[in-house]
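A short worksheet on the structure shown next.
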Amino acid sequence: MALLTLRHFPDPCLRETAKPVTVFGDELKTFVADMTETMYAERGIGLAAPQVGVCQRVIIVDVSENRDQPMALINPEFIHCDGEMMMMDGCLSLPESYTETQRYSAVTVRYQDISGETHTLEAEGLQAGCLQHEIDHLNGMLFIDHLSPMKRQRIEKKVKKDPENESRRHQQLIPPLLFTNKNRR
């Protein structure tokens with residue numbers, strides 16, 4: 001396993017719509033393991049593939065108390081959302097930025113596992129919020145897009161002024177397009 005390099009706002013990769021995974025194999029399994037290791041190393045509870053420069057529909061979440069139950073969701077999509085809640089939201093791609101956002105309190109997600117098998121997950125509370133946050137990444141959205149323009153601008157300004165974030169932005173990586181059938185039209 002290897003640690004992957006995180007992309008930070010305003011990296012354009014974070015604003016792209018991720019493409020569906022169509023090839024399930026060893027390369028995907030390795031990538032999921034690397035994403036999981038990276039998420040834990042960064043002390044996150046979720047990570048989406050675009051955050052590490054891969055524009056594919058892959059997320060990892062682990063909201064378990066002992067941080068020992070990671071879930072990989074491939075090609076996740078909401079099939080039901082219900083209720084409302086406010087939750088404290090932050091993002092590994094917007095370091096040290098936290099604010100309350102409104103989310104659904106319960107969601108049902110259809111996804112594939114790393115073998116391509118389809119499953120359904122019902123989630124509430126923190127897990128529901130985490131799933132919404134990570135799936136937003138797959139759609140080119142950040143949690144700041146749920147905020148008022150004034151709050152969003154304040155966070156954007158703070159992140160852009162951070163000298164450590166500035167040096168991260170200069171790390172130019174070419175986003176690979178993995179796990180798609182190249183012959184598919």
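Sequence gap at least 6, Cα distance under 8 Å: using those rules, report the relative contact order of segment 12-168 to the nearest whole percent. All intermediate terms of the calculation are to be shown ahead of the outcome.
Working: 271 pairs, mean separation 36.9, N = 157.
After rounding, I find 24 percent.
Return the calculated 222 nm mean residue ellipticity for the chain, to the nearest 500 deg cm²/dmol, obtained by summing -39500 (n - 2.57) across DSSP H runs with n ≥ 4 and dividing by the residue count. Each step should come with its number before you reach the end.
Details: 4 runs with 50 residues, N = 185.
For the chain, the value works out to -8500 deg cm²/dmol.
Please check: in the Gaussian network model of the chain (C-alpha springs, under 10 Å), which one of Pro20, Pro149, Pro70 has the largest mean-square fluctuation.
Result for the chain, Cα springs under 10 Å: Pro149 fluctuates most.
Taking the alpha-carbon set of the chain, what are its Rg and Dmax in Å?
Just the Cα atoms of the chain yield Rg and Dmax of 15.9, 45 Å.
Explain nothing, just the number: relative contact order of segment 31-108, from Cα pairs under 8 Å at least 6 residues apart, as a whole percent. Don't skip to the end; give the middle numbers.
Numbers: 111 pairs, mean separation 16.8, N = 78.
This gives 22 percent for segment 31-108.
So, counting K/R as plus one and D/E as minus one, what does the shell of residues with Cβ under 9 Å around Asp145 add up to?
Details: positive: Arg152; negative: Asp136.
After counting each charged neighbour, the total is 0.
Go ahead and collect, in residue order, the members of segment 8-38 whose backbone nitrogen is under 17 Å from a label point 7 Å along the Cα-Cβ direction of Asp145.
8-20
Quick one: 3J(HN,Hα) in Hz for segment 11-17, Karplus 6.51/-1.76/1.60 with θ = phi - 60°, rounded, Gly and Pro as x.
3, x, 4, 6, 9, 8, 7
Mind giving me the nanometre distance, one decimal, between the label points for Thr5 and Met86, set 7 Å out from Cα along Cα→Cβ?
Once both label points are built, they end up 3.9 nm from each other.
Each reported figure results from applying straightforward, stated rules to the coordinates on display, with no laboratory input. Just so you know, these numbers come straight off a predicted model, no measurement behind them. All Cβ positions, glycine included, derive from the backbone under ideal geometry; neighbour counts span all protein chains shown.
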